[in-house]
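Peer 1: Can you keep this structure in mind? I'll have questions shortly.
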Amino acid sequence: MLKSKILWVDDEIELLRSHVLFLSDKGYDVETVTNGEDAISKVKEKKFDIIFLDEMMPGKGGLETLGEIKDINPNIPCVMVTKSEEESLMHDAIGGKISDYLIKPVVPSQILMVCKKLLDSKKISGEYVAKDYLHDFNEISRRLLDRLDFNDWVDIYNKLVSWDLELDSHPEVDLRQTLSEQRKECNREFGKYVERNYKMWVNNIESDETPILTPQILDKYVTPYVKENDGPVFFFVIDCLRLDQWLGMEKHLLEMFNIEKDYYYSILPTATPYSRNSLFAGLFPSEIEKTFPDLWTGSKDDERSMNKHEKDLLQNYLNTKHIKLRNDLKYLKIIDPEVGRSFEQNVKSHKKTHFFAVVVNILDMIAHGRSDSDLLKEIAPDESAYRSLTNSWFLHSSLFNTLKTISKMKNAKVIISTDHGSIRSMRGAKVLGDKEASHNLRFKFGRNLKVDDKHAIFIKNPPEYKLPNRGVTINYIIAKEDYYFVYPTEYHKYLSHYKDTFQHGGISMEEMILPVITMKSKV
């Protein structure tokens, strides 16, 4: 194993000989020089892993030497060692991109700690990451043998997502496949859990054994702030947002807002025509059918045509709840960047708006676009890269800038949630049905539908599941785990085409267990 190379620059290096010997005994290869000129020459000749740099030296001082070293190799970690505690000097050194700062006299243990932090931290933290994950792996495996409730599943999903993010930060830790296999096992058991309990949930929505479901989001998280009537309330529904994606976005908002997070379960199917209409109406799909009977006519679920009534559904909800707004309900659907930029530029004018609902469709478009774009698949070939793509979009989005502006509004409240998540679909399930059956990949409705019950749940009587009838002989099938439906016609062509695409509509933790975020401006 190659030794890490250290260059120590100090005009009194002989006084630090014991420190140098100490580092040598610890396995580091240490070279010393007594001035800035020699240090610069050494850096030009050799590659060093870390440089300790005295701030006060004859000739070139530490800061000047630091600048020239960074010109040669901007990535080399440099540690400034000085007798001065002046704040201005610290600012100058930090501005020069030092990696750490030590005040003389230094002791060997301080130097070793800095070396460990800058040179070995990834390796050391990786070892602890592996140890901690194996502990959680065993705990999750044990819990799967217990009788779990909806809160237990939220906790398990949180742990899995946390480990996803942790392993993103430690790509050197070879546990990604193990985590992926455990997630599959969890989704298998989660599918069984939902299949056993879902019909009871939708028919006993106020029961203690029922999680918060889509139709309750407005009641529990939005209207309490609307009723307070002491500042603008913005309700953002980010289509197809998953918990892991939100956690990446949240860290950029912590300085602007006080943030609280809760969770709810999406209704089935976890698809926009059902879940988002249900969210805005505060009703189940079968109940919406009574108010808007034309919504469910037709044989296919076209998301664009079937979500035209969201503002009407929301207004109907407010009327039913006898909620009076001090000005008209505002509603906006952001389906392209230009609409988002226009809202960003005009959001200041809404500081006196009572209630503004905003649908953001970009993540859903990214998910669908990746299915058909080789370029997007190249950019986001796996879950980790998909999270990175989401984070990059958010940082440069009009949504982020809009939230920055809202954070400066007095008493502003922001509720952020989603209608469903998505899952990376890796396994095909052959399905039979007549030619009028819907084309959705994670759920279908139609006549004479047949699929292996290991891969999907079969709903013979839709009203029992609070789903629209669509006809006496219409049934639903909803995919479990990471399966997607493929018809026998040109089976292998479509099996290959849709493998490794992000889909929604089915039963998985990623699609069903969803965050609800409440953010209050700090002004």
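The values are calculated or read from the model by the stated rules, or taken from the named source; none is laboratory data. As the structure is a prediction and not an experimental result, all values here were calculated from the model. Virtual Cβ from ideal backbone geometry, glycine too; neighbours counted across all protein chains shown.
Peer 1: Among the residues in the range 72-81, are any surrounded by 15 or more Cβ atoms within 10 Å (Cβ to Cβ), part of a loop (DSSP other than H, G, I, E, B) and either in contact with a helix residue (DSSP H, G or I) (Cβ under 9 Å, 6 or more places away or on another chain) or modelled with pLDDT under 95 (or both)?
Peer 2: yes
Peer 1: From (1) touching a helix residue (DSSP H, G or I) at 6+ places or on another chain (Cβ under 8 Å); (2) free of Cβ contacts under 8 Å to residues at least 24 places away in the same chain, pick out the condition that doesn't hold for residue 239.
Peer 2: Every condition holds for residue 239 apart from (2).
Peer 1: Would you confirm, using the coordinates I've provided, whether residue 65 is among the β-branched types (Val, Ile, Thr) and in a helix (DSSP H, G or I)?
Peer 2: yes
Peer 1: Name the residues in the range 117-148 that are surrounded by 15 or more Cβ atoms within 10 Å (Cβ to Cβ), under 30 Å from residue 507 (Cβ atoms) and out of contact with any Cys (no Cβ under 9 Å at 6 or more places or on another chain), would you?
Peer 2: 133, 136, 137, 143, 148
Peer 1: Looking only at the range 459-500, how many residues end up being over 31 Å from the mean Cα position of the chain (by Cα) and of a type in the set (A, V, I, L, M, F, W, C)?
Peer 2: Total meeting the criteria: 3.
Peer 1: Right, something else. Residues that are surrounded by fewer than 20 Cβ atoms within 10 Å (Cβ to Cβ): list the strands (runs of 3 or more DSSP E) wholly contained in the range 462-523 that include at least 1 such residues.
Peer 2: Where strands (runs of 3 or more DSSP E) fall fully within the range 462-523 and carry at least 1 residues being surrounded by fewer than 20 Cβ atoms within 10 Å (Cβ to Cβ), they are 501-503, 513-521.
Peer 1: Sticking with this structure for a sec: Just a yes or no: is a residue in the range 254-273 out of contact with any Lys or Arg (no Cβ under 8 Å at 6 or more places or on another chain), modelled with pLDDT under 95 and hydroxyl-bearing (Ser, Thr, Tyr)?
Peer 2: Yes, that holds for at least one residue.
Peer 1: Tell me which residues, restricted to the range 212-227, are of a type outside the set (S, T, N, Q) and either in contact with a Lys or Arg (Cβ under 7 Å, 6 or more places away or on another chain) or assigned to a helix (DSSP H, G or I) (or both).
Peer 2: 212, 215, 217, 218, 219, 220, 221, 222, 224, 225, 226, 227
Peer 1: Here is a list: 219, 230, 208. Which entry is exposed (fewer than 15 other Cβ atoms within 10 Å of the Cβ), more than 30 Å from residue 332 (Cβ to Cβ) and of a type in the set (Asp, Glu)?
Peer 2: Answer to the check: 208.
Peer 1: What number of residues in the range 160-175 are more than 19 Å from residue 242 (Cα to Cα), buried (at least 16 other Cβ atoms within 10 Å of the Cβ) and either in contact with a Gly (Cβ under 7 Å, 6 or more places away or on another chain) or charged (D, E, K, R) (or both)?
Peer 2: Within the range 160-175, residues that are more than 19 Å from residue 242 (Cα to Cα), buried (at least 16 other Cβ atoms within 10 Å of the Cβ) and either in contact with a Gly (Cβ under 7 Å, 6 or more places away or on another chain) or charged (D, E, K, R) (or both) number 2.
Peer 1: What is the number of the single condition among (1) in contact with a Phe, Trp or Tyr (Cβ under 9 Å, 6 or more places away or on another chain); (2) part of a loop (DSSP other than H, G, I, E, B); (3) touching a residue at least 12 places away in the same chain (Cβ under 8 Å) that residue 230 does not meet?
Peer 2: (1)
Peer 1: Continuing with this model, one more query. For residue 128, which of the numbered conditions (1) under 21 Å from residue 265 (Cα atoms); (2) part of a helix (DSSP H, G or I); (3) outside the structural domain of residue 245 (by TED's automatic domain parsing); (4) more than 21 Å from the chain's Cα centre (by Cα) fails to hold?
Peer 2: (1)
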